C-alpha cells in the first residue's frame, strides 16, 4: 500500500478486483493492440494495395498478434516523455516489438480509434459485471422474500404505523426497483456500438485516400472491425468521437441502481433502529469506539454513502455531453477519466455490499410481533366496528365512539407511557356488544396483511424467477467486503 500519496478508496476499500481489472492499464492497452490488429486485418482482407502490391501481409498480422499481450510499458513511458502523446507512444512501443509491422500500425486511424473504441469496450464489459451482480442481488432478495412472505409486520407510511404488510412483501418493493434498473441496463447494454474507424472528423477521408475512393469497400470497414471486436455494429455517424450522450446513458443506469440501493439501505437502517431487522455483524466487529454495546448498520450506511456519490457523478457525463463543440473538444477527456471508472467502481462496491447485507440479514420476529401487537388494536378498529354492526350496532355512532376511544388510548400510550388499552376501553363501553375475549380473537395479525403472501408468490413466479432462469449462468456470486 502506498503511504506517501493519495490512493483512491474505491480501489483500496470498495471495488472488487474484477471491476478494477476492467479499468486497469492492462485492459486498456491490450484492447488498443487488439483494435490495431482488427484494423490491420480488415485493411488486408479488403485488399489494401499500392501499385498492385498488398500493403499489409499475413506475416505482419502474425507479428502483431504475437505481442498483443506483452506490453512494453517502459518503452511507451519513455517515448511519451519525448512526444507528449499517449497513443503515438504506444504505437512506437508496439512497433519496437514488431519491427516488420511497425509501419502499418494505426494506418488511416486517429487517436480516438483506439481511445474511444476501448472506452466503449470497457464500459460494455463493466455493464456486464454490474448486470451479473444485480441479478445476484435479486436472487438473494428473492430467497429472503420467499422465506418471510407470511411474516406479518407493521407497514409504515410517513414512518408512522400503518396497515400491516409482511417482511417478504416489503422486500418485493426493493426488488421491483432493481428490476426496473435491470431493464434499463439491458436496454443500454444491448445498444452499445463501437465508434469504428472514421478518421479525424468522422468523414473517413483517410480511408477514401487509402482505398482510392472505393466507396463500396470503405462501407465494409466499420462492420468488419465491429465483428472482430465482438460487436454487432458501429455508430453510423460520428465526429471524431462517439457521442458523449452514450456516457450519459451509461451513468444514468448506474445512478438508477444507486437510488434503488440507497432506498433499500435506508429501510434497513430504520428497521435496525427498531431492532426488527439487523444487517450482518461479525463477532469481533466494533460498533463504536466509546459505546461498546452498539451495533451500527455500517454496511447499509456505506451503501447510502456510495450511492449518493454515484447519483451525483451522473451529472458529469451529462454536462460533458452538453458542452461538446462541433466534431470534438478535449474538455471531455479529464472528466471521463474520473467520472466513468469511478462511477463503475462505486456501483460495484455498492452491489457487493447489497449482496453481503441481504445474504446475512437477520430478522427478529418477536420484536416485530411486539411492535405489531402494540399498534394492532388501532388497525383492527374497522373490523371491530363491522362485527359490532352485525350484532345490531349503528355504524355511524360506533365510528364516533371508536374515534373517541382511540384518542383516549393514544393518550394512554403517548402521554402516560402505558400499554395500548383500546380493547379494554371498547369492551367496557356498552355501545359495543363485544367482550374483551371477543375482541382479542380479532387480534390475529394474519387477518390484516391482505394479499401480501399471495403477492409475493405471484411476483416471484411471474417476474423474478423468469429473470433468474434467463440469467442462471450469472448466479452464484459471493461478495467480499474489505473493511
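Laboratory data are not the source of any read-out in this text; all were calculated from the coordinates shown. Bear in mind the structure is a predicted one, so any value in this text is a computation, not a measurement. In this analysis, Cβ positions are derived from the backbone assuming ideal geometry, glycine residues included, and neighbour counts consider all displayed protein chains.
Mind pulling the angle between the C-alpha long axis of helix 167-190 and the longest principal axis of the chain? Nearest 10 degrees, somewhere in 0 to 90. It works out to around 20 degrees.
Stretching residue 319 away from residue 444 to a fully extended chain increases their span by 39.5 nm, per 0.36 nm per residue minus the current alpha-carbon distance. Annotation: Cα Rg of segment 381-442 relative to the compact-globule expectation 2.2 N^0.38 Å equals 1.08. Between the C-alpha center of segment 7-35 and that of segment 440-481 there is a gap of 36 Å. Summarising the overall dimensions of segment 285-394 from its C-alpha atoms, the Rg and Dmax are 25.8, 81 angstrom. Can you pull the percent of Cα pairs in segment 147-265 with separation above 26 Å? Counting every Cα pair in segment 147-265, those more than 26 Å apart make up 49 percent.
Counting only DSSP H runs of at least 4 residues, each contributing -39500 (n - 2.57), and dividing by the residue count of the chain, the helix-based mean residue ellipticity at 222 nm comes to -19500 deg cm²/dmol. Ranked by how many other Cβ atoms sit within 10 Å of their own Cβ, fewest first, the residues 92, 21, 14 fall in the order 21, 92, 14. Would you kindly give the portion of the calculated P(r) for segment 9-109 that falls above 22 Å, as a percent of all Cα pairs? The proportion of pairs with Cα distances above 22 Å equals 38 percent.
Could you estimate the translational diffusion coefficient of the chain from the Stokes-Einstein equation, with Rh from the Kirkwood formula over C-alpha pairs, at 4 °C and 1.567 mPa s, in whole µm²/s? Rounded to a whole number, D works out at 48 µm²/s.
Three principal axis extents of segment 393-483 based on alpha-carbon atoms, in descending order, are 65, 38, 23 Å. Per residue, the average separation of C-alpha pairs within less than 8 Å and at least 6 apart gives segment 9-109 a relative contact order of 25 percent.
Compared with the dominant Cα axis of the chain, that is its longest principal axis, helix 365-379 is turned about 60°. Projecting label points 7 angstrom from Cα along Cα→Cβ for residue 5 and residue 187 puts them 4.2 nm apart. Look at the alpha carbon pairs under 8 Å that are at least 6 residues apart: their mean separation over the length of segment 381-442 gives a relative contact order of 33 percent.
Please work out the C-alpha center-to-center distance from segment 395-433 to segment 151-212 and express it in whole Å. About 49 Å separates the Cα centre of segment 395-433 from the one of segment 151-212. Once C-alpha pairs closer than 8 Å and six or more residues apart are averaged by separation and normalised to the residue number of the chain, the relative contact order reads 19 percent.
Computed from the alpha carbon atoms alone, the convex hull of segment 290-345 holds 90 Å³ per residue. DSSP assigns beta bridges within the chain; of those with both partners inside it, close to 90 percent run antiparallel.
The ranking of 432, 156 from fewest to most other beta carbons within 10 Å of each one's beta carbon is 156, 432.
In what sequence do 106, 85 fall when counting other Cβ within 10 Å, fewest first?
With the fewest neighbours first, 106, 85 line up as 85, 106.
Over all pairs of different C-alpha atoms, segment 190-229 has a mean inverse distance whose reciprocal, the Kirkwood radius, equals 10.8 Å.
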